[in-house]
Each structure stands twice: as structure tokens, then as C-alpha cells.
Amino acid sequence: MLRIIGRDIFEGKPADEFKVVLHDLGHGQKEASISRSIWWEHTGTMSDAAYAEYLAQVSACSMVGREEKDLANAERSARRAKTKVRRICKTLGVDALLTLTYRENMQDLTDCKRHLKEFVRRVRKLVPGFAYVAAFERQKRGAWHVHLAIHALPFMLPWAGVKVRSYSVIRAVWRSVVGELGGNIDQARKKRHSRKSPAQMASYISKYILKAFMDGEDHSNRYSSSSYDMPPAVRMRFMHASLADLIGLVYDELSPDSSTVVRPWLSDFKDRFFLISEPAPPVKNAV
């Protein structure tokens, strides 16, 4: 692995050091990553002739590989956005899904976002503290619809002075916002499907970020959320430690007992490790 800065040549070598990052996102949702550091060693300085040749190669490659570079940059940005959405879902502790749709073929994303903002404003009058993470997706016909990860709504909500099923209330609110465009909602109503963990909601919502990238659209415009206060990460460096020992350390930190579900990932080169944990779902009584 080489890196050139000015005329100086640096060679990257795996270091005897690991970086560990711990995220406690609340609601029992935790993440940890371990990555081996790279040390850059100065190995030489290019001569005038070598530097001129290097600049010529860079110029030629920049003309030919601009699309590939832009694609790689977009992929990295999409992954960062997906990570951010995942962590927002966990920080907010969302555990239910709501989808907002249009009857008409509404293809203006700006209007869709404006409708969502007004929808949230009206819902908060009925459900104080209503929190959400929203992803915008196009249907095959081109119309936008909105997937929201939210806190599970109460069974009944006030409407016109009486208590009404929340499904009917939320649908009425959405229809009052979109007017003649016509609106409907989709909400998991069967008990066994209606509640998910924040990690499951995070996985569901964040996939639309990569879908936007695959569709060639600006993924950064494809999600929004209510305000959140994400706890800062804890960052540590370990010298002369083995990856196995550090994996044991983060397992102990993220999975203190058998009531925790963990999901690990190890890179093919065994230089990066990722672990997420969450509380195990409650055990249902046998019927």
C-alpha cells in the first residue's frame, strides 16, 4: 500500500495497534468496532523526472477514471448515510413501522417532504413527543411514498372529541394533509408483526439509502428524522494486543449476560471486527 504526498513516497504497513470504538446508543442498543491501525513509513522522494512522469500518469488516470472515482465516492457516502440512519433509529428506540402513500401519482419529492413535515406537526398534537425516522421511496409508477420507523402507537387516540382506533386517526391525519392527492397508510396491525426491535427497524429503514444509490439518485435526500441526542462514542487504542483478546473484551462489554443477542462480523483479512448487541426479545408464554 503506497501513498504519495508531494514528491514523498510512503508505504503503509499493518501496525501493532488496534483502534476500538464503542457506541452505547441507549435502549440496550450497542455497537463496537475493532480495526488495525496502519503506520505510514517514509520510503523515499521522487526525482524530478519520476515526479513529472507521476503527474502525467495522474492526469491521464483522472480523465479515464473520473466516473469510477465518483462512483466510489458515492458508495462511501451512501454507506456513511446508512450507518447514520441505523444509529438514529437505535438512539430514538423506534420499534414500529408506518407507511404513507398517495392515491395520485405524486412525483414531487419536495412536496412529499412538505407533506411529511405537516403530518408530523399534526400527529404531535395527538401524540406528544412523536419521534420518527423516515425514508422516501419511489413506487414503480414513479409516485413517492414514505416509510417511517416510529414508536408503537397506542391502540386508541382522541379524534373529534372521542376515542378512535389509532389506525383510523393516523389515516385521517395523512388524508387531511395531502387533500385531493388522496392518501392511505399501511400499519402492521397483527400483534406478532406490529413490534420490532430498534435494530430491526434500523435495518429496514437504512436499506432504502443504498437503494437510492443503486437507483442513481441522491441518497442524502432520501431520509429525514426527528431531533435526537446521540451519545458520543468511546474511542480507545491498544498497543501489542491480539485481535482475539480485543474481541473478547468487546463481547464482555456488549454482552454482559445471556439475555443479550449479539451479531458479529469479521473481515476476510481478519483486520476488522464489528459487533452489535441488543436485548433479547421477551419470552412469550406458551398457550
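The values are calculated or read from the model by the stated rules, or taken from the named source; none is laboratory data. Predicted model, so just to flag it, every value in this text is computed and none were measured. Backbone-built Cβ (ideal geometry, glycine too); neighbour counts: all protein chains shown.
When L97 is tested against (1) of a type in the set (A, V, I, L, M, F, W, C); (2) in contact with a Lys or Arg (Cβ under 9 Å, 6 or more places away or on another chain); (3) in a helix (DSSP H, G or I), exactly one condition is not met: (3).
Residue count for segment 213-270, restricted to those that are in the same structural domain as G26 (by TED's automatic domain parsing) and in contact with a His (Cβ under 6 Å, 6 or more places away or on another chain): 1. Among the residues making up segment 130-188, those that are of a type in the set (V, I, T) and either surrounded by 16 or more Cβ atoms within 10 Å (Cβ to Cβ) or outside the structural domain of N105 (by TED's automatic domain parsing) (or both) are V133, V146, I150, V169, I170, V173, V177, V178, I185. All of (1) among the small types (G, A, S); (2) free of Cβ contacts under 8 Å to residues at least 40 places away in the same chain; (3) surrounded by 11 or more Cβ atoms within 10 Å (Cβ to Cβ) hold for A56 with one exception: (3). Identify, please: which residue in segment 204-225 is buried (at least 17 other Cβ atoms within 10 Å of the Cβ) and of a type in the set (G, A, S) and is, among those, modelled with the highest pLDDT? If we take residues in segment 204-225 being buried (at least 17 other Cβ atoms within 10 Å of the Cβ) and of a type in the set (G, A, S), then S225 is modelled with the highest pLDDT. Among residues belonging to segment 57-94 that are of a type in the set (V, I, T) and either modelled with pLDDT under 85 or not in a helix (DSSP H, G or I) (or both), point out the one that is nearest to K196 (Cα to Cα). Top of the filtered list is V94.
Taking R103, is it surrounded by 12 or more Cβ atoms within 10 Å (Cβ to Cβ) and within 22 Å of M201 (Cα to Cα)? Considered against the rule, which asks whether it is surrounded by 12 or more Cβ atoms within 10 Å (Cβ to Cβ) and within 22 Å of M201 (Cα to Cα), R103 comes out as no. Picking from residues in segment 123-163 that are in a helix (DSSP H, G or I) and of a type in the set (K, R), the one that is farthest from R222 (Cα to Cα) is K125.
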